[in-house]
Structure formats: C-alpha cells, structure tokens
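Working notes for the structure below.
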Amino acid sequence: MLKVALRGVLARKFRLALTGTAVLLGVMFVTTTYVLTDTLDRSFQRVFSQSLADVDVVVRGEPTAGDDDPRRVPDTILGAVRAADGVAAAHGFVQGYAQFLDRSGDAVDKGGPAVGVTFVGGRATGPLRLVDDGGRRSRAPAGARQVAMDVDTAHAAGFHVGDTVDVLSAGPRAAYELVGLFTVGNGADTGPLSFAAFDLATSQRVAAAPGLLDAVYVKGGPGIDAATLRRSLRASLGPDFEVTDAALVARTNNQDVGEFVDLLTGLLLGFSALGLVVGGFIIFNTFTILVTQRTRELGLLRAMGAARHQVIAAVVLEAAVVGATASAAGLVVGVFVARLLMSLVDSLGFRIPSGEVVVLPRTVGFAFALGLLVTVGAALWPAFRAARIPPMAAIGDLPEARADTFRRRALLGTALVGASVPILIVGIVRSQTADDTIAELRTVGLGAVLLLFGIVVLLATFARSLARVFGAPVRAAAGVPGAIARGNAMRNPRRTAATASALVIGLALVAMVAILGESAKAQVDASDSALRAELVIDTTQFTGFSPDVVARVAAVPEVAGAVGFRFGSVRLAGPDGRERERVVAVDGPGLASAFDLGMRSGSAARLSGAEMLVSDEAAARYGLARGDRVPVEFPNGVRDVRIEGVYTGDDVVGGRPFLVSRELFVAGFPEADLDYRAYANVAPGVSVTAAKAAVADELRTDFPNLEVLTRAESRDAEAELIDQFLGVLVALLFLSEAIAVLGIVNTLALSVHERTHEIGMLRAVGMTRRQLRRSVRWESVIIAAIGGSVGLALGVVWAWVFASALEPEDLFRFSIPVGRIAVLAVVSLVAGAVAAVIPAWRASRLQVFEAIGRE
C-alpha cells in the first residue's frame, strides 16, 4: 500500500502540486508571521532590558485609581531614597516627548517614538553610556541648554558633538548644545526609537513635569542584593511607593511593544488560518474528486484483498506526502519572505533594531505540523469514502451508489445557523452594555463563525438552484457553451458548493472590511455634524502640545476663538456598578463657538473649577440634572463635581463624552498639562484660507510639529488613514482569494479529466475547441458567482453585526459602499474566468478518438 500511495502521488503530480501550493502559501504565512514578530519582540526586548543596565531597583508611585500606569512622584523623594540603608546611588528619572529637528527644520524621524529622558549613566556604567564622537569627547549634559543624543540618531541625522541642535517638546522648539553621544546599555541598537537626554531639571521642564519624577533608579552598595535593597526601601518609604526589581520594570516597559507584537501576531495568524482553511477546502475537494475518478483502481485493490483500513491508509499517506512536502517548502519560503519584509520595512523608514532573524523551534514545529494536520485532516473523509468502494466496482467501473439527498446536511446547517442567531444577539447586547466593549467581541466572533459554518454546510443544498439562476443569463448569452456550463455546474452540487466555499470565506471577510471601512469614514463625516470650527490644529506625532498653543492661536487677529482638548477616562457610580466614562477637558473659552452642543440646560460658554457637562443620554442613565453634585473617580482620587449643564449634540469630539474644565482635569490626572487637539473659529469677514495661513505662520517657528487643517482637510486625512489601513487588510485577505482561485483551477482540471469521455463525444458531434473552452470558462464563472454572491451577503451581515456591537465606541456608522461591493462582485467573476484558462485549454487539446475511448 505504501507503493500504491507513492505511485498515486507521482501519477497526479500536476493536480497535487496545485493542492500543495495552497498548503505552501498557508504555511509560508504562518512561518513569516512568527519569524517577523519573534524578531521584532527580541530586538525590542534587548533595547528595553539595556535601558536599565546597572540599575538594581526602581522606585515609582503606586498605580492610580482605574489605571495601570504608576503615578508621578515628587522629586523630594530622592533624599529619602538616598538615605535608605544599602543605597549606593539614586538618580531621578523623567521621560517625555522630545524630538530633534534636522538642519532644514524637519523632524528627525526614525519611524518610532522620539523620547526625552533624564541622563543617567556615565562612561562605563549606567543605562546610558557615553561614547566619543571621533576626536570629540562626549560628556553628560549639565545645564538648561545642553543635550546628549543616542549614537544611532546622530548618525542618521549627521550630527556631531559640539553642534547646535533644535529640540521640539511639549513647549516651543528650543536650541541646545550637543555635548555628548551615548549608547543604551552595552550598545543595543535603538532601532526606530530616538533619545534626547538632559539633566534632571531640564528633563522635567521638557516633559512638563516640574518637581515630579517618573521613577528613581537605585544602585545597591557592595554585597547588597536586590531583595535586601527592596526591603530596605519599602521600610524607609512606606506603602505609597512601588519598589520593583529593575529587570521586572524593563519587561513592563516593553509591555506596550509586546502587546503590539502579540496583536500583530494574532492578526497575521488569523489571516494565515484563513488561508489554511481555504486550502483545506481545496484539499477536501481534490481528494473527493480523485477518489471518485479512481473508483476502478480502488475497487480492484479491494478485490485483490486490500482491507478497508489499508485503502484509508493509502489515501491518507498520499495527503501526508503532499502536506509534508508543501509544509517544508512553506517553512523555507516563509523565512525568506520574513527577511524580505524586514528589509522592506527598514527601507520605508521604520528601523528595526539590529539582530539575527529569530527562527524558534516552536515556529518550525507548529507551522510544519499545522500544514500536515490540515492536509491530512481534509483528506480523511475522502479516505473513508474510498474504503467503502465495493470490490465489484473493479469489474465494470461502477460508481459508488449514492443517494442524492442533503437531509443530514440541511439539518446540520440549519442547526448551526439557528445556534448562531441567539449567540450573535447576546454578543451584541453584551458588547453594547459592557464596561469593556472589545473584550465582549469574543461572543460576537463565535456567533459569526457558527453562521459561516452553517452557510458553508447548507451551500450544497441550494447550490443547484443558484447555478440554475446564475446560469440562466449565461445560457441566454452564450448559447450551447452556456447551456453546457450551466448543466455541469448543476450536475454535482456538492462539488460546486465545495469549490465556491473557498470564495465565500475570503469574499465575506473582504466585504466586511470594506463595509466597516466605509462605516468608519461615515462616522468621521458624522462627527462634523456638531463641529462649527473651521480650523483643526493637530500634531504630526502622537504626542501632546503646550496649552500655550490655544492662547496663541486665539490671539491671532484672523481667529475669533480657539479651544483645546485633552482626553481621559473616569468612573461613576451607575446602575451597573462603577462604570467607566470618557472625559474630555476643555482648554479655553471657545467651546460654545467651536461646537453646536445643543444645550438643553446650562451654558457651555466657559467651564471652570469642578464643573462638568454631560450628554442627555448620560444624564438619563445616571439620573443627573443641572446643579447636581456627583462624586467622580479620577486617577488621582475622587472629586466632587457639579453638573453645569446637559447637552444634546451628537459626535462631539468623536462621541458624547463628559466635558470638564482644564483645571479639574489637571487636578484629577497625573499626566502632563498637555492638549492633544485644538479647534479655531475664523473671525468675521476673514476667509478660511487666510486664517489658516495666519495660524500656520504663528505656529511654524516654535511648533513645527503642529499642522493646521481646514475642516475638510482634517476629515480627508482621517479618511486617508482608514483607507491605508484597509488597503493593508484587503491585501492580506486577497491571499485567501488567490488560494481560492487555485482551488477553482484544481477542481476544473480534475472535472475536465473526469469528463474526458463526455468531452470527446461533444467534439465528435461537432463542438469546436473554442466552444469547449467557453463552456469550461462559463462553468467557472457560474461557480464564482455562487461563491461571490453568498460571500458578499455574509460579509454585509458580519459588518452589521460588528458595527452594532461596537456602537458604544463611536467607531462606525453603518454604511454600505455599493460601488466597492459591485467591484468585488466583478472581481470574483473575473477571478473565475482567469482560473478557467488552463483547464479550458487542456480540455480543448484532448484528442477526439482518444477521449472517446477513455472510460
């Protein structure tokens, strides 16, 4: 039976190669994902671990209420830390935004965050280690106008010790003397990160944290281990401070990168799984057809004494050979593609920290096993069918008797769809009312998957009807070839459904992404419904800016008023417990003119002190009215806040948040006193263009990281970001479509082989080669139309479900891009036509008499 299996593989090299290609692509994607993300993770771990080199213990504030981040602490703690037993040295540390500008005034952008830090280190010890710049000696910054720069950034921007460099931080740009270059720890490549290091007082000013520290770095004395040092510091400082091993803090600092890597890994593995699932459909379809075509061969084996388990083993072994070969090739190609992608990312400006490409044993084992498991698993049912072939089938090439009934399939599919509906309803309701909407999407996802499985199982029960419907215009337009194509698509609904199912999955996801993208842009458009301000001031980096910006913009003669915003979250006692709410601080008196709040009570002219505006929806949920006082839990503690008014406007700053004064926000949050977006109204009689130019001139010199946009430009910029993100997702999803097209090619090729005698008879009675090719192409188009229509319909349902579940996040306003959906439908038909090119050509090249003679 081993020889039979191997000869079976060699006898069908082309067909099984197409099947193996689907597995290869899926395994390649899995391998590329793991190699790429493991390399990223290890590279950044190296950077963050070295950022605390020669530090034993880190002292920080305890995390604030409702937040996981440690709070900043007064710098007066330094004295208490240095006085504790076992402490050899203690250094205050502050971190914030600080970006170098090149000689032309543009930001030095390495593709990642630009960080300003306190210089802690020296020549041979400490997190930051000075290195000389050729013949120029580096030294630590000391003074309000001195800065040190990491070596990688200096090389990238062409700076040297002794140069004057401009640094952009929360406040206006400022010039500094570059007094030193440094590496992080033992010289770890900083990759996309850039570091500007100052003395403690200057770093506090740059980070807008006067008198505060993010942490204290502590070095123990000789013979003092970290555990002893921790106990000593905890006894000296009391319970209000967090005393942690430096190694643990380094891992925590890498947590954001790790979470991003985990998210990226999960996302890419999801696409990989999609490709493998589609490949599984192809394998199942291929082996089902191969078993049917080999009825006489397998029946002969049974007649010669082969047991059923031997027949099963032979078919499974064929699948295992294909799966193992394709998985091994996918591993090799995946590592190569990962290297290529890292080079591409680096060339696009996002520098990955240097290091070897990481190929873990887990990657090799998991990817190979997954490819093999999918291939063998998909071939199991065809193998069991092969084992049921009776020996008598060897005598007259009798096909396996099979009742053309779909009763069990209909019952199972209906049960799956029926189970998905209540799960989806429960998931939507829970997501809309949960404290953490994103966490509740698992239930919605489960319902969506069950719905997919139910539709795929049911597809064969109505595939013949769909083929009849979609084949009718084909028959009318194409004549005899169209009628033959329609009949072939209707003849075997199981095969048609299995082939179309691969398209269903991919197109459903592509359609869902397209609809959610359009819905996100519709939400962006809707957010303008309450916006009156003509100008938007935003940053080119994900960082805040000084509140001086709002004051300076408001003072421009061409501007009637300006308002800035900063964002956070608080908790209130509600009907479901302590509920989290989004809060937006209002900086400046321009709120009423910048937004149409639709005040039901109170005034939005100016918020001050412990005052808050709430939406009518929130007022009804919490039972609030103007004049009420309510305890609000901020990160820095509970504050007694007065309700100044209730507004009815929709989509104010991306939703319907609680609006508070700047003073209350600063008192309640430990973050720096920074705005993150500002809006301005144009003065009467002044054009928007003139006002934009005036504001840009006012900010260009001191705040070159700010951009001034009109309302339309801001909306277009957000839409462009959405389109870019969607473009990446759709490109990844089209991998599954490519695999699905391979499946159509494979199925048609096997179908042509199966109908060799029939094709010969058609040619004998006068059918031309051109007509034969057209019939095969039209059959493929009909199958693609079935898969496309079902997939697009499912995508619409999925998009509505997820948009409804995420309604509280104000991310989507459900909208269907009819044009894009129509394009996807056309693309699926074109893909079907393209997939039929090779099978149609091979069918037309069959010799008439040879084909007639084959059974």
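A few notes on this one:
- Count - residues of the stretch 85-102 that are open to solvent by 10 Å² or more (accessible area, probe 1.4 Å) and of a type in the set (A, V, I, L, M): 3
- Set Val536, Val584, Val614, Val570: member being of a type in the set (A, V, I, L, M), within 30 Å of the chain's Cα centre (by Cα) and over 20 Å from Ser714 (Cα atoms): Val570
- Residue satisfying all of: in the stretch 35-66; open to solvent by 50 Å² or more (accessible area, probe 1.4 Å) and over 30 Å from Phe366 (Cβ atoms); modelled with the highest pLDDT among these: Asp54
- Residues in the stretch 788-815 that are over 28 Å from Ser501 (Cβ atoms) and assigned to a helix (DSSP H, G or I) were compared, and the one that is most open to solvent (accessible area, probe 1.4 Å) is Glu807.
- A single member of Leu360, Leu300 is at pLDDT below 70 and open to solvent by 30 Å² or more (accessible area, probe 1.4 Å), and it is Leu300.
- Picking from residues in the stretch 141-151 that are among the small types (Gly, Ala, Ser) and surrounded by fewer than 17 Cβ atoms within 10 Å (Cβ to Cβ), the one that is nearest to Ala53 (Cα to Cα) is Ala142.
Okay, residues lined up against (1) polar (S, T, N, Q); (2) modelled with pLDDT of 90 or more:
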| site | (1), (2) |
| --- | --- |
| Ala514 | no, no |
| Ala526 | no, no |
| Ala530 | no, no |
| Ala533 | no, no |
| Thr543 | yes, no |
| Pro547 | no, no |
| Val556 | no, yes |
| Arg571 | no, no |
| Gly574 | no, no |
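- Checking each residue in the stretch 103-119 for being part of a strand (DSSP E or B) and surrounded by fewer than 22 Cβ atoms within 10 Å (Cβ to Cβ) picks out Ala107, Val115.
- When the stretch 120-140 is filtered for residues that are open to solvent by 10 Å² or more (accessible area, probe 1.4 Å), touching a Ser or Thr at 6+ places or on another chain (Cβ under 8 Å) and not β-branched (Val, Ile, Thr), the ones remaining, listed by number, are Leu128, Arg129, Leu130, Asp132.
- Test: residue in the stretch 481-498 that is of a type in the set (A, V, I, L, M, F, W, C), modelled with pLDDT of 85 or more and open to solvent by 40 Å² or more (accessible area, probe 1.4 Å): yes
- Selection of the stretch 609-640 for residues being open to solvent by less than 60 Å² (accessible area, probe 1.4 Å), part of a strand (DSSP E or B) and on the phi < 0 side of the Ramachandran plot yields Glu611, Met612, Leu613, Val614, Ser615, Val630, Val632, Glu633, Phe634.
- Residues in the stretch 89-129 that are hydroxyl-bearing (Ser, Thr, Tyr) and either touching a residue at least 40 places away in the same chain (Cβ under 8 Å) or farther than 24 Å from Asn705 by Cβ (or both): Tyr97, Thr118, Thr125.
- Meets criteria (at pLDDT 85 or above, open to solvent by 30 Å² or more (accessible area, probe 1.4 Å) and within 24 Å of the chain's Cα centre (by Cα)) for Leu446: yes
- Qualifying residue in the stretch 631-651 (condition: in contact with a Phe, Trp or Tyr (Cβ under 9 Å, 6 or more places away or on another chain), more than 21 Å from Asp673 (Cα to Cα) and acidic (Asp, Glu)): no
- Of the residues making up the stretch 641-665, those that are among the β-branched types (Val, Ile, Thr) and part of a loop (DSSP other than H, G, I, E, B) number 3.
- Members of the stretch 585-597 found to be of a type outside the set (Phe, Trp, Tyr), crowded, with 21+ Cβ neighbours inside 10 Å and not in a loop (DSSP other than H, G, I, E, B), listed by number: Ala585, Val586, Asp587, Leu591, Ala594
- Complete set of residues in the stretch 29-66 that are acidic (Asp, Glu) and assigned to a helix (DSSP H, G or I): Asp38, Asp41
- First in the stretch 487-499 and closer than 20 Å to Arg407 by Cα, second anywhere and of a type in the set (D, E, K, R), Cβ under 7 Å, 6 or more apart: Met490/Arg464; Met490/Arg468; Pro493/Arg464
- Checked against the criteria, Ala520 does not count as open to solvent by less than 20 Å² (accessible area, probe 1.4 Å), at pLDDT 80 or above and in a loop (DSSP other than H, G, I, E, B).
- Selection of the stretch 672-729 for residues being open to solvent by less than 40 Å² (accessible area, probe 1.4 Å), under 17 Å from Asp548 (Cβ atoms) and part of a strand (DSSP E or B) yields Asp675, Ala678, Tyr679, Ala680, Leu706, Val708.
- Test: residue in the stretch 524-537 that is surrounded by fewer than 18 Cβ atoms within 10 Å (Cβ to Cβ), of a type in the set (A, V, I, L, M, F, W, C) and outside any strand (DSSP E or B): yes
- Strands (runs of 3 or more DSSP E) contained in the stretch 152-244 and holding at least 3 residues surrounded by 19 or more Cβ atoms within 10 Å (Cβ to Cβ), small (Gly, Ala, Ser) and touching a residue at least 60 places away in the same chain (Cβ under 8 Å): 194-198
- Test result for Ser465, polar (S, T, N, Q) and farther than 25 Å from Gln771 by Cα: no
The values are calculated or read from the model by the stated rules, or taken from the named source; none is laboratory data. Treat the numbers as computed from the prediction; the structure is a model and nothing was measured. Cβ coordinates were reconstructed from backbone atoms using ideal geometry, including for glycine residues, and neighbour counts include every protein chain displayed. What goes into the accessible areas is simple: the full protein's heavy atoms, side chains included, and nothing from ligands, DNA or RNA. Shrake-Rupley method; radii C 1.70, N 1.55, O 1.52, S 1.80 Å.
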